[in-house]
Amino acid sequence: MHPPSRQDYISINFAGQGSGSYNNSKQWRRQSCWRKWKQLSRLQRSLILVLLFICGIASYPAVTEQLRGLTDGDPETKSNSVFPHVLPEAVKQDQPPLPTSQRKLSNKRGPPVLQNRLQKKENASNTVVEDKASDSKKEGEEGVISWRGAVIDTDQATESTKDGENKEGSPANQKVQLSVKSAIWREAVQEAFRHAWKGYKDFAWGHDELRPLSKSYSEWFGLGLTLIDALDTMWILGLKEEFEEAKTWVAAELTFNKNVDVNLFESTIRILGGLLSTYHLTGDTLFLDKAKDIGSRLMPAFNTPSKIPYSDVNIGKGTAHPPRWTSDSTVAEVTSIQLEFRELSRLTQEPQYQAAVAEVMKQVHKLDGKLDGLVPMFINTNNGQFTHQGIYTLGARADSYYEYLLKQWIQGGKKENELLEDYLQAIEGVKNNLLQKSSPNGLTFVGELSHGQFSPKMDHLVCFLPGTLALGAYNGLPADHMDLAKQLMETCYQMYIQMETGLSPEIVHFNMHQGSTRDIEVKLADRHNLLRPETVESLFYLYRFTKDQKYREWGWRILQNFNKYTKVSSGGYTSINNVRDPDYPSPRDKMESFFLGETLKYLYLLFSDDPNLISLDQYVFNTEAHPLPIWPSN
Ligand code: DMJ
């Protein structure tokens with residue numbers, strides 16, 4: 001038996017009770033507490049201490065989370081500490097907080113249905129955090145300066161009416177919120193461009209491509225490829241200073257009188273296309289002169305027995321040849337140089353450029369070996385016939401053939417019926433032969449056909465197709481093209497968001513068997529990401545035509561993932577080897593010129609609120625994202 005003073009339960013006696021006196025001085029309270037504590041049994045004291053300890057443990061995560069939120073900005077960036085070369089961009093003190101819907105969802109994996117459900121849930125629960133974000137903005141920041149120089153006050157987003165009622169839900173206020181968001185996102189693209197440009201400028205100036213990790217460069221043609229590819233992007237993003245320094249280089253250093261072999265297709269879409277579009281945007285004849293120079297130097301490629309051009313030209317010697325191992329050219333390459341050469345003829349009033357590329361289209365239009373308008377991947381430069389027949393893909397080696405059918409038709413004022421017929425037939429061919437749905441979630445995808453055998457393989461390159469389909473529908477082609485565009489857009493986005501880094505691999509395989517647990521599989525050899533543009537390109541078109549905000553949200557998440565996994569701290573971005581390993585995505589040490597020429601340009605245009613910034617009623621983009629004018633009807 002314990003003596004009565006030692007109880008195994010906690011009893012609380014209120015001191016002073018019944019005494020009639022009330023003393024609330026600090027000292028009295030302290031002494032009183034201490035007395036009470038000493039009156040407790042050892043067991044009671046231990047129990048209280050254990051309880052306090054348990055409460056402390058239980059509240060620890062919430063407290064630390066809050067503290068982290070106050071100090072870190074973005075906790076996700078921490079994982080990058082194990083990946084020393086590619087560093088995340090530090091969240092700057094003066095940068096408005098990222099929308100939480102983006103941050104929180106980025107680690108969620110799962111099938112699209114689940115993703116959508118998660119998205120809805122997040123959207124519902126995000127309001128508070130977004131409010132917090134705008135509160136913190138009120139305390140410390142001045143506003144966001146758009147590239148046109150206007151100051152957009154982000155406080156407008158949560159402004160209250162005079163009587164204290166919050167206007168956040170009103171359509172007018174929602175519009176303001178969206179435009180604030182898009183201004184912030186455009187700033188982020190400009191920031192990304194500047195960072196990429198810094199790397200190029202510091203370590204690869206005047207050379208073809210930056211190697212950001214080794215702080216050096218690689219040459220392909222030795223023509224300053226990245227600089228030329230990026231010219232019109234700088235103009236569109238409003239980066240005047242960077243544009244001027246690049247222009248100075250073009251004026252002083254760029255010469256095509258060089259004994260080098262260049263690839264006809266690549267130099268047409270990147271160099272000729274880039275110079276022509278920069279001429280149109282700036283009106284500066286420097287770029288037109290350079291365009292004429294490279295255009296005329298590429299013409300020897302068409303001197304072949306069939307008039308189907310060779311793949312390579314020596315622009316110094318004026319000689320051309322096929323690759324060493326074959327006399328074939330790639331179908332996409334010989335049919336995706338037309339927009340540029342046609343425009344060169346229109347500007348110079350010299351018909352030979354247009355004539356050469358029109359001849360290619362005329363021949364391909366008539367060729368045997370197509371399947372419902374789908375073309376094989378190779379064409380012989382001696383006899384002008386398709387080779388390696390029986391294999392059909394919308395990916396590598398065929399992709400931009402389909403894109404240029406539609407775009408030439410648009411460029412020429414929708415008059416060239418053969419181009420339209422070939423395009424419409426090809427889209428039917430895709431629907432009938434290459435379109436399937438994955439299991440378990442029914443993602444629509446475009447596979448490949450090899451001698452009658454279907455393969456559920458899809459290149460990231462195919463993700464140009466949603467944008468092209470949408471562009472066709474916008475120009476009066478069947479409305480079901482837009483439906484298909486939307487379905488494929490979802491698939492291309494899932495190719496990013498289902499990967500551990502949130503970046504798409506180069507190639508995916510879709511599951512089609514009943515009972516599959518995941519829709520998308522990636523083979524070991526296909527796990528690389530080259531900073532390609534096709535998905536953000538299509539997001540741009542889909543947003544322009546539908547104004548559905550989700551496409552911008554998707555683009556924003558992709559940009560954040562590029563920043564997280566491919567940004568190199570000393571400047572530039574790098575291709576990576578493994579999109580499935582967020583701890584070590586394995587950098588490849590190369591920044592492709594199309595990251596500046598296309599990827600960042602399309603992201604910026606996706607976030608632009610101005611549909612006249614490269615109006616799709618006035619311009620058609622070549623396959624390297626260089627806008628060329630739609631010809632006036634006269
Ligand atoms: C670019 O050079 C062009 O977009 C081309 O049509 C396909 N490959 C790259 C980008 O992925």
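FYI, it's all coordinate maths here, none of it is from the lab. Computed from a prediction, not measured in an experiment: that's the story for all the values here. Note: ideal-geometry Cβ built from the backbone for every residue, glycine included; neighbour counts use all protein chains shown.
Could you work out the local net charge near Trp409, counting Lys and Arg as +1, Asp and Glu as -1, over the other residues with Cβ closer than 10 Å to its Cβ?
Working: positive: Lys407, Lys414, Lys415; negative: Glu416, Glu418, Glu421, Asp422.
Taking every Cβ under 10 Å from that of Trp409, the sum is -1.
Once divided by 2.2 N^0.38 Å, the Cα radius of gyration of the stretch 315-398 becomes 1.18. Taken one residue at a time, the phi angles of the stretch 382-388 give Karplus couplings (6.51, -1.76, 1.60, θ = phi - 60°) of 7, 9, x, 9, 5, 10, 6 Hz. Gly and Pro are set to x. For the stretch 213-340, averaging the sequence separation of C-alpha pairs within contact (under 8 Å, six or more residues apart) and dividing by the residue count gives a relative contact order of 25 percent. Residue-wise, which Karplus ³J(HN,Hα) couplings in Hz belong to the stretch 340-350, taking 6.51 cos²θ - 1.76 cosθ + 1.60, θ = phi - 60°, and x for glycine or proline? Each residue's phi maps through the Karplus curve to give 6, 6, 5, 5, 4, 5, 4, 6, 8, 6, 10 Hz. Close amide H contacts of Asn511 (hydrogens built in the peptide plane, cut-off under 5 Å, sequence separation of 5 or more or a different chain): Ser439, Ile520, Glu521.
Annotation for Tyr584 and Glu428: the two label points, set 7 Å from Cα along the Cα-Cβ direction, are 5.3 nm apart. In terms of distances greater than 23 angstrom between alpha carbons, the cross-link table entries Lys201/Lys247; Lys317/Lys407; Lys215/Lys567; Lys415/Lys550; Lys362/Lys431; Lys362/Lys407 yield Lys317/Lys407; Lys415/Lys550; Lys362/Lys431. Only Cα pairs under 8 Å and 6+ residues apart enter the sum, and on that basis the relative contact order of the stretch 263-334 stands at 27 percent.
Each residue of the stretch 611-623 was assigned a 3J(HN,Hα) from its phi angle through the Karplus expression (A = 6.51, B = -1.76, C = 1.60, θ = phi - 60°), giving x, 8, 6, 6, 5, 7, 8, 10, 10, 10, 7, 6, 6 Hz with x at Gly and Pro.
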